[in-house]
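Asks: Below is the structure I would like to discuss, written out as structure tokens.
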Amino acid sequence: MERYINEAKGKEWTIEIVGTEVRTTIGKIGEKGVLGTRGLTTIELAEEKKAQLIREKLKAGFVKVQDPPAAAETEKTEEPKG
């Protein structure tokens with residue numbers, strides 16, 4: 001899932017492809033948001049639709065954000081003391 005935010009408007013938008021369906025959510029940053037789905041006939045059409053929607057959001061002032069890594073990935077292991 002890719003996540004985009006528009007801080008000026010306080011909005012968050014996500015997009016992902018599941019099979020041949022493009023799923024998006026839009027809402028206030030940090031809230032659940034409203035789910036939208038677009039069923040397409042092929043994966044290629046779903047990829048094209050996803051790219052189109054991303055271009056539209058980037059034009060509207062949204063920027064892609066990275067989710068923080070999972071806690072298990074960021075934990076540091078301690079060196080044995082000896």
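The values are calculated or read from the model by the stated rules, or taken from the named source; none is laboratory data. The structure displayed is predicted, hence computed values, not measured ones. Every residue, glycine among them, receives a Cβ derived from its backbone with ideal geometry; neighbour counts consider all protein chains shown.
Asks: Exactly one of these conditions fails for LYS57: (1) under 14 Å from the mean Cα position of the chain (by Cα); (2) loosely packed, with under 11 Cβ neighbours inside 10 Å. Give me its number.
Replies: Condition not satisfied by LYS57: (2).
Asks: Still on this structure, I have one more. If only one of GLY36, GLY27, GLY10 is in contact with a Phe, Trp or Tyr (Cβ under 9 Å, 6 or more places away or on another chain), at pLDDT 95 or above and surrounded by fewer than 16 Cβ atoms within 10 Å (Cβ to Cβ), which one is it?
Replies: Residue meeting the stated conditions: GLY27.
Asks: Using beta carbons and a limit of 8 Å, which pairs, at least six apart or on different chains, have the first residue in segment 15-36 and under 19 Å from LEU58 (Cα atoms) and the second one acidic (Asp, Glu) and not in a strand (DSSP E or B)?
Replies: Cβ pairs passing all conditions: ILE17/GLU47; ILE29/GLU7.
Asks: I've got another one for you. Within the set of pairs 6 or more residues apart or between chains, which connect a residue that is within 15 Å of THR14 (Cβ to Cβ) inside segment 43-60 to a residue that is modelled with pLDDT of 95 or more and exposed (fewer than 12 other Cβ atoms within 10 Å of the Cβ) with Cβ atoms less than 6 Å apart?
Replies: Note: no pairs meet the criteria.
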